[in-house]
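Quick notes on the structure that follows.
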Amino acid sequence: MSPLRSFEAIAARLRGGARPGRLVPGLVAGSVAGVLVIMAQTSFAVLIFAGDLAPYVSYGLGLTFLAAAVMNLVVAFGSSLPGAVANPQDGPAAILAASAAAMAGNLPAGSTGQELLATVLATIALMSLVAGVFFFLLGWFRQGGLVRYVPYPVVGGFLAGIGWLLVQGSFGVMAGAPLTLANVPALLRLDLLVRWLPGLGIALVTLLVLRRWSHFLILPGLMLGAVALFYVVVWVSGVPVSSLWAPGAAGQGGGQGWLLGPFPPGGLWQPLTPGLLRQAHWSSVLAQAGSTGTILVISVVSLLLNASSLELLARRDVDLNRELKAAGAANLLAGLGGGGPVGFQTLSISSLSYLMGAPSRLVSLVAAALCGAMLLVGPSLLSYVPRVVPGGLTLFLGLAFLVEWLYDAWPRLSRLDYAIVVLILIVTMTLGVLEGVALGLALAVFLFVLEYSRVGAVRRALSASALRSNVDRPLLHDRLLREKGDWLFVLELQGYLFFGTAHSLLQRVRDRLAESHRPAPRYVLLDFRRVSGMDVSAVLSFARMAQLARSRNLTLVLTDLSPGLQRQLERELPQEDAPGEGPGSWRVFPDLDHGLEWCEDQLLARFQAAEPVPSFAGGAEGRGATWFDEAGGGRQPEIMRRVADYMEQLTLEAGQVLIRQGEPTKGLYFIQEGQVTIRLEGEGGDSMRLRTRGPGTVVGEVGLYLGVPATASVVVEGACTVYRLSAEDLARMEAQAPELATAFHRAMASHLSDRLASTTAIVQALMD
């Protein structure tokens, strides 16, 4: 798209959001969304910059506000959903907090606070850039459907683990010590108890209220009420506000005071300078590759789940690939500005746009403006925010995740799925988030194999009685194939054949051979049309099946093998199991239809070698009643022979059109020798084979009796001899020999009835 057109598109989107009917709701929704984003980012900044990093919390606030502003600007124009709001997310923030704490404890002895700060800032920036590239590439290569491959309980386990990290980190925000088993005695001391207990109260009240009532103003109202209540307590106690700030160097947030401030004068955001980056311990930065991978996995899943949920809320289609590219661009730009926790379109805040009737891009623009304003005026406001409020908000978010996946999920998940959620959570709590993610991915693979194995490799198992080729045969042959159908065993395969399903396929053939109530098959047809691929274990199963075929005098027939699958079989199977002729070998056909035709021919050759092909002409006079005898049950053969006197014998060559689609039929044709193919002609000149009919069959009977144009064309395949009965000849027969015409009509009715009965039997077998 040209720059001019891009500008015009942006202008059009802005005009759409600036309509009088949307302007005021958009401004209100954007303001509320902006306040919620600011509150969340304050909590995340304090969560990450806790403990040894507490003196540098102003850096964290600047990064999160800048990232939130940039993300909302990008999403305002890049998202497929007007009204979508983006911000750095709680999951990446919780993992970043754990990584920051780990880096603080693992830096070389004697490292300064500036070196720790530089290392953490470099890690945050690098994670943002990597996530941005990853998101954008996923969207560029149209991989927005990846979320469908992650099992639901594994996602739940991830989110429950994130909830625990948020709960753990919230205590570090409020009391300066994260919630661990070793820290429990210290956290229960009175001096620390009074710091986190009010935050616990804020979290529990918020959780209970929001579970009972759902309104977008409740959360900001509760947080502002908590701030007001804090200062009421301070006023009543007579404690000077200045004494609530953390002790430390002037202009820094020092240790663990009651308030976030004071902050350095000027704005919050400070760019990453080369001098600062040179102080970073890059070995520690690169050691966080596992955490980065974890953030990528959790973020992609969360982003796509959020977008899918917003799709339902907005009642419109969402381009998941576009959402990925928008999130990628947002994180890339944020990373260039110093980074922040990885962020994307959020469900909870974006829903405000639709709940307030303001699905406008103005919402995210207003939120971006408020976050940008905090970079300038934030120090003077945020320095008076009690730590217990962002700490309580972080604790609420963590408890909400845990309640959702440990309490709410109990009735809606199976016991196995619930156990997986709990197991991932326990591993995350005891061993760490990386171990929890590794377990989750391993369980995802296990569940995939388990569920895919339950599907089975066999879509349908049929016999020649239930599944037939597109070759219409004489009624005598048709009846014989129905009677001897058990000699052919057809397996329609599906999916990817692997170790979980390959053995069941072989066992299916063995079970069929072991059945005593019907004849054992002599032909086993395997249709690969719906098979996407197979692994080595599946190939070995086919080798064992070939051995079984040799021992039981079977012929394997493989149809619809892709070139790759055929090469794989020929490469992996022993030489004696190569395609060949006769029992114990296997044959390959391009499709199921031709494979069935070959098997039918083999059965007819085996059971009908001495029987003549039903025909219209025969006997000493060259004209017989074989076809009429078959169709009419042998009734009045001497009368039926006379029908030939009203028919015209035609000798046709290959390629001739016997009946043309869309044109009136010239009569009914009895095929004496050769074959014809019924084809459906397309508008572009292409055609599709519907049926093939050979000696002893009829075409054109519908057009003769109903007088309608032909719905398909009939083309001669080779040298062919037919007998034609035109409508005029039939009328002449009815006038000259009524009893003969009656016998003919009865024979045709018997023919059509028998063919209908055959078709009905096949349909019933397919439905069973």
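Looking at the stretch 397-406, is at least one residue surrounded by fewer than 24 Cβ atoms within 10 Å (Cβ to Cβ), more than 23 Å from V205 (Cβ to Cβ), touching a residue at least 60 places away in the same chain (Cβ under 8 Å) and out of contact with any Ser or Thr (no Cβ under 6 Å at 6 or more places or on another chain)?
No, the stretch 397-406 contains no residue that is surrounded by fewer than 24 Cβ atoms within 10 Å (Cβ to Cβ), more than 23 Å from V205 (Cβ to Cβ), touching a residue at least 60 places away in the same chain (Cβ under 8 Å) and out of contact with any Ser or Thr (no Cβ under 6 Å at 6 or more places or on another chain).
Report whether or not P92 is of a type outside the set (K, R) and in a loop (DSSP other than H, G, I, E, B).
no
A quick yes/no check of all residues on (1) among the aromatic types (F, W, Y); (2) part of a loop (DSSP other than H, G, I, E, B):
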site: G339; (1), (2): no, yes
site: F344; (1), (2): yes, no
site: S353; (1), (2): no, no
site: A368; (1), (2): no, no
site: V377; (1), (2): no, no
site: S380; (1), (2): no, no
site: G398; (1), (2): no, no
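Here's the yes/no breakdown for (1) modelled with pLDDT under 85; (2) surrounded by fewer than 23 Cβ atoms within 10 Å (Cβ to Cβ); (3) not acidic (D, E):
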position: L296; (1), (2), (3): no, yes, yes
position: V301; (1), (2), (3): yes, yes, yes
position: L310; (1), (2), (3): yes, no, yes
position: P341; (1), (2), (3): no, no, yes
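Need at least 3 residues that are of a type in the set (A, V, I, L, M, F, W, C) and either surrounded by 23 or more Cβ atoms within 10 Å (Cβ to Cβ) or in contact with a Lys or Arg (Cβ under 9 Å, 6 or more places away or on another chain) (or both) per element, so show me which helices (runs of 4 or more DSSP H) inside the stretch 110-209 make the cut, counting only ones lying wholly within it.
113-140, 152-175
Quick one: which helices (runs of 4 or more DSSP H) sit completely within the stretch 543-643 and have at least 1 residues that are of a type outside the set (S, T, Y), under 25 Å from L480 (Cα atoms) and at pLDDT 85 or above?
Filter on the stretch 543-643 gives 592-607.
Name the single residue, out of those in the stretch 645-668 being among the hydroxyl-bearing types (S, T, Y) and at pLDDT below 90, that is nearest to E701 (Cα to Cα).
My answer is T665.
Can you pull out the residues in the stretch 739-757 that are surrounded by fewer than 18 Cβ atoms within 10 Å (Cβ to Cβ) and either small (G, A, S) or under 19 Å from L481 (Cβ atoms) (or both)?
Matches in the stretch 739-757: A749, S750, L752, S753, D754, R755, L756, A757.
Is it the case, given these coordinates, that L690 is aliphatic (A, V, I, L, M), surrounded by fewer than 20 Cβ atoms within 10 Å (Cβ to Cβ) and free of Cβ contacts under 8 Å to residues at least 40 places away in the same chain?
When the stated conditions are applied, L690 does not pass them.
Scan the stretch 75-100 for residues that are surrounded by fewer than 24 Cβ atoms within 10 Å (Cβ to Cβ) and over 14 Å from I124 (Cβ atoms) and jot them down.
Hits for the stretch 75-100 are F77, G78, S80, P82.
Residue check, K484 against (1) in contact (Cβ under 8 Å) with a residue 40 or more places away in the chain; (2) under 20 Å from the mean Cα position of the chain (by Cα), all met but one. Which one?
The failed condition is (2).
For the stretch 167-178, which positions are at pLDDT 85 or above and either closer than 19 Å to I424 by Cβ or not assigned by TED's automatic domain parsing to the domain that holds A104 (or both)?
V167, Q168
Of the residues L395, L399, L370, L376, which is assigned by TED's automatic domain parsing to the domain that holds L179, within 20 Å of G340 (Cβ to Cβ) and at pLDDT 90 or above?
L370
If I filter the stretch 705-723 for residues that are within 20 Å of R660 (Cβ to Cβ), among the acidic types (D, E), part of a loop (DSSP other than H, G, I, E, B) and at pLDDT below 80, do I get at least one hit?
Within the stretch 705-723, not a single residue is within 20 Å of R660 (Cβ to Cβ), among the acidic types (D, E), part of a loop (DSSP other than H, G, I, E, B) and at pLDDT below 80.
When you scan the stretch 120-166, how many residues do you find that are farther than 20 Å from G432 by Cα and at pLDDT below 85?
The total comes to 10.
Could you tell me which of the residues L740, L690 is part of a strand (DSSP E or B) and modelled with pLDDT under 85?
Result: L690 is the single residue among L740, L690 that is part of a strand (DSSP E or B) and modelled with pLDDT under 85.
The values are calculated or read from the model by the stated rules, or taken from the named source; none is laboratory data. These numbers were taken from a predicted model, which means no experiment stands behind them. Virtual Cβ from ideal backbone geometry, glycine too; neighbours counted across all protein chains shown.
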